[in-house]
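The values are calculated or read from the model by the stated rules, or taken from the named source; none is laboratory data. Everything numeric here is computed off the predicted structure, so don't read it as measured data. Cβ sites come from the backbone with ideal geometry, for glycine too, and all protein chains shown count toward neighbours.
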Amino acid sequence: MFGMPTEDDGSRTDVMLAQNLVNTTHYEPDFDALRAASTRIVIAAGAESEGEMPNRGAHAVAERLGTEPVIFPSHHGIPRRRVRLARRAGRIRRQAARRPLNDPT
């Protein structure tokens, strides 16, 4: 999935991720540019990843943007959760389309 080898065991010791780990964990978004964007930015976090690095990052970015992250079903590779994820994404997209661009909620 997503370019990972089929034998990937989740340990994250593979070269594809290891060579990029420092860069991805030290990346600092341009928050002024994001706040000034002409499009709405919706930050998402996984429900089952609370406390884990990607979830903490989503919450931190949302806080810096003055908003709350939208919580999505995690483990979206599992077939039954793909449907929940797609439905949630559709609802968020429709809600976001109805709000003024500068509305952070």
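Looking at 55, 23, which one is free of Cβ contacts under 8 Å to residues at least 24 places away in the same chain and surrounded by 10 or more Cβ atoms within 10 Å (Cβ to Cβ)?
The unique qualifying residue is 55.
Being at pLDDT 85 or above and touching a Phe, Trp or Tyr at 6+ places or on another chain (Cβ under 6 Å): is that true of residue 44 here?
Yes.
When segment 18-41 is examined, which residues are found to be among the aliphatic types (A, V, I, L, M) and modelled with pLDDT of 85 or more?
33, 34, 36, 37, 41
The rows are residues; the columns are (1) hydrophobic (A, V, I, L, M, F, W, C); (2) loosely packed, with under 15 Cβ neighbours inside 10 Å; (3) at pLDDT 85 or above.
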position	(1), (2), (3)
51	no, yes, yes
69	no, no, yes
78	yes, yes, no
83	yes, yes, no
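Can you say whether residue 2 is farther than 20 Å from residue 90 by Cα, modelled with pLDDT of 90 or more and among the aromatic types (Phe, Trp, Tyr), as far as the supplied structure shows?
When the stated conditions are applied, residue 2 does not pass them.
Scan segment 28-56 for residues that are over 23 Å from residue 86 (Cβ atoms) and not in a loop (DSSP other than H, G, I, E, B) and jot them down.
Those that are over 23 Å from residue 86 (Cβ atoms) and not in a loop (DSSP other than H, G, I, E, B): 31, 32, 33, 34, 35, 36, 53, 56.
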